[in-house]
Amino acid sequence: MTAPVSVPDWFAEAVLYQIYPQSFADSDGDGIGDLPGLTARLDHLADLGITAVWLSPCFASEFGDAGYDVTDYLTVDPRYGSNADLAALVAAARERGIRVLLDLVAGHTSHRHPWFQRAAHDPADDRYIWSDRVTAPVRSWIPNQGLRGGFYLANFYPIQPALNFGHARPDPAEPWRSPVDAPGPRANRAALREVMAHWFELGVAGFRVDMASSLVKDDPAHVETARLWRELRDWLDGHYPDRVLIAEWGDPARSVPAGFHADFFLHFTGRGLRSLWDNGTGSQGSWADGRPCYFDPAGGGSMAEFLAAWQQADQAIDGRGLVALPTANHDFSRLVCGPRTREQVGCAFAFVLSWPSLPVIYYGDEIGMRYVPGLPEKEGSQCGTEARQGSRTPMQWDAAPNAGFSSADPAALYLPVDPDPARPDAAAQRTDPDSLLQQVRRLIRLRRDTPELGTGGSVTVLHEGYPFVYRRGRHHLVVVNPRREPVELVPAEAVGPATGLVVRGAAVTDGLIRADGFGYGVFRIESDGDLEGTGN
């Protein structure tokens, strides 16, 4: 893999951290996290080595879907503070070498957004998708309460009317379909540029784009969707060349050539990510298949599916962007979930932080916060069988009441704090040199100081089983054993001498690689000789 040529240098070297703002830090005691609270906790991120943060939606909203139902794209919701508070956060973060990215909900608004309120009464307004009759799937068409009557298409919940970016194909049975160059779709593309420019001028470094593949409807090959984003990328490169767009698409092989700087491996778009983390517990949706994952104490998984997805994406991207590899997210279970304990996830971080992808750490994973089962639904978090609230609990800062998240009465918290008396917290781990937090900190710094471990270095897989062994560049070897049983491996050629750089329960000697249960190690190979393996 060659160094990316189409992403800003800062992004190619980034370690990204996702923050769910309502659960991170509460400064005013109302039980909900906010931007001043986040600003006050920036030193935690700087000390960890984070260089960019992505905030889940913080725009004005009715919060029927936790902020993914926007009522005003240009205004911070009062629950989080003000636009001035966001500007202060951006400035304070930049002083610490951290860039701030926001979440852009591009495909739909709230039904209370002024755009929709106008369209609901004006038959000539085509900013949304309308029909005078219900068509399949029926559940997606919502009766309009406005004067124009008819039905509007909703993307997810009924309160989220789909913005009209056109249909890729006409259908005589559905004469209401708009072509992609109709007035409504053109107006919505212009609105995306206006929203981005507004926040770029405030200093925001980029956007993660929600459901980026879904804008143009009936677009099976995503040809028109890709054309839309390529147009936006050309505008971005011309006006804001140091800003970035990250897709929630789940197919980097398609989205990066379409214009995004990066895209995530996602749990609902294939086995690439699930084959690493999904152990059949926590938040389980229609995508769950019950198959074992590689990072599991039983050791019944395989790296083959991840490696196949990675190789396909890497070849299609061809140095033009990055694959983002998350530890978890607001929709997917945390690393510590079910049988996988905090003591077992250091090896997962060793992998994420030494593979040539964009590492994305979900808030709290760096201290081993767990997925908390059995929590009440909150703002659309219970999506069918997916109990997403278990991954959205308050950040655990210290041993104070409410884990230091808020001074509010516990009953007023956005979600309950993990009730486990043994729950981890950042303050305790900060003073423990052997803690998960300190392990992650060392791994991030090693990545920062070692170009071969970054996105531009080559990777050569030497062993796909347990332990997973791969070389980065010519001089670095990574050994990861996420199962409970110790393992030994005789490589195809002698490896060594090797110097441990960040090691926990692993060793490399001439002719033998050893790893304890849940052990890992990043080693400097002193020999210049090539090792045999499968290059990626």
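For ARG484 and ALA304, what does the FRET efficiency come to when R0 = 35 Å and r is the distance between their Cβ atoms, rounded to the nearest 0.05? Let's see the in-between values first.
On the way: r = 21 Å, r/R0 = 0.61.
Taking R0 as 35 Å, the efficiency between ARG484 and ALA304 is 0.95.
Pairs of C-alpha atoms in the stretch 360-463 farther apart than 18 Å represent 60 percent of all such pairs.
Working from the pairwise distances between different alpha carbons, so that the mean of 1/r is found and then inverted, what is the stretch 1-147's Kirkwood radius in Å?
On the way: mean 1/r = 0.0565 Å⁻¹.
Kirkwood hydrodynamic radius for the stretch 1-147: 17.7 Å.
Comparing THR455, LEU436, ALA408 along the charge dipole axis of the stretch 402-484, the residue lying farthest to the positive side is THR455, per the Cβ-charge model.
Placing unit charges on the Cβ atoms of the charged side chains and taking the dipole of the stretch 392-536 about its Cα centre, the candidate lying farthest along the positive direction among PRO486, GLY496, GLY511 is GLY496.
Here the gap between ALA412 and ARG233, fully extended at 0.36 nm per residue and compared with their Cα-Cα distance, gives a gain of 60.2 nm.
To the nearest ten degrees, helix 183-202 and the longest principal axis of the Cα atoms of the chain are 50 degrees apart. Once the Cβ-Cβ distance of ALA40 and PHE268 is raised to the sixth power relative to R0 = 45 Å, the FRET efficiency obtained is 0.85.
Based on the alpha-carbon gyration tensor of the chain, what equivalent-ellipsoid semi-axes (square roots of 5 times the eigenvalues) come out, in whole Å, largest first?
Details: eigenvalues 313, 142, 92 Å².
Computed over the chain, the values are 40, 27, 22 Å.
The charge dipole of the chain, taken about the Cα centre with unit charges on the Cβ atoms of Lys, Arg (+1) and Asp, Glu (-1), comes to about 300 debye, rounded to the nearest 20.
Above 24 Å, the calculated P(r) of the stretch 190-332 contains 37 percent of its Cα-Cα pairs.
With charges set only on the Cβ (+1 for Lys and Arg, -1 for Asp and Glu), what does the dipole of the stretch 313-370 come to about its Cα centre, in debye to the nearest 20? Could you put the intermediate results ahead of the total?
Working: 5 positive and 6 negative charges, 37 e Å.
About 180 debye.
A DSSP coil position with no more than 16 other Cβ atoms inside 10 Å describes the following trypsin sites (Lys or Arg not before Pro) in the stretch 237-346: ARG320.
Both radii are taken from the alpha-carbon atoms of the stretch 424-503; with Rh as the Kirkwood radius, Rg/Rh is 1.01. Scattering from the stretch 95-247 was approximated by placing one identical point on each alpha carbon and applying the Debye formula without solvent; log10 I(q)/I(0) at 0.09, 0.16, 0.21 1/Å stands at -0.31, -0.89, -1.38.
Each Lys and Arg adds +1 at its Cβ and each Asp and Glu adds -1 at its Cβ; summed about the Cα centre, the stretch 1-113 shows a dipole of about 260 debye. With the simple spin-label model, which puts each label point 7 Å out from Cα in the Cβ direction, the GLU377 to ASP72 separation comes to 2.9 nm.
Percent of C-alpha pairs per 5 Å bin in the stretch 80-126, short distances first: 5, 16, 15, 15, 12, 11, 11, 8, 4, 2, 0.
Normalised by residue number, the volume inside the convex hull of the Cα atoms of the stretch 253-392 is 111 Å³ per residue.
Of the DSSP beta bridges with both residues in the chain, give the percent that are antiparallel, rounding to the nearest 5. Please list the in-between numbers first.
On the way: 44 of 73 bridges.
If I count the DSSP bridges inside the chain, around 60 percent turn out antiparallel.
Projected label points at GLN311 and ASP510, each 7 Å from Cα along the beta carbon direction, are separated by 3.3 nanometres. With both labels modelled 7 Å from their Cα along Cα-to-Cβ, the ASN83 to ASP9 distance reads 3.3 nm.
The residue list ALA309, PRO419, TYR363 was ranked by how far each Cα lies along the charge dipole of the chain toward its positive end, using unit charges on Cβ atoms, and ALA309 comes out on top. Couplings 3J(HN,Hα) of the stretch 428-442, computed from phi: 5, 6, 5, 9, 10, x, 9, 6, 4, 4, 6, 4, 4, 4, 5 Hz, in residue order, whole Hz [Karplus 6.51 cos²θ - 1.76 cosθ + 1.60, θ = phi - 60°; x for Gly and Pro]. With helices as the sole contributors, the chain gives -6500 deg cm²/dmol at 222 nm; each DSSP H run of n ≥ 4 counts as -39500 (n - 2.57), and the sum is divided by every residue.
Each value in this text was obtained by applying a stated rule to the coordinates, not by laboratory testing. Remember, predicted model here, so these are calculated numbers, not experimental data. Cβ coordinates were reconstructed from backbone atoms using ideal geometry, including for glycine residues, and neighbour counts include every protein chain displayed.
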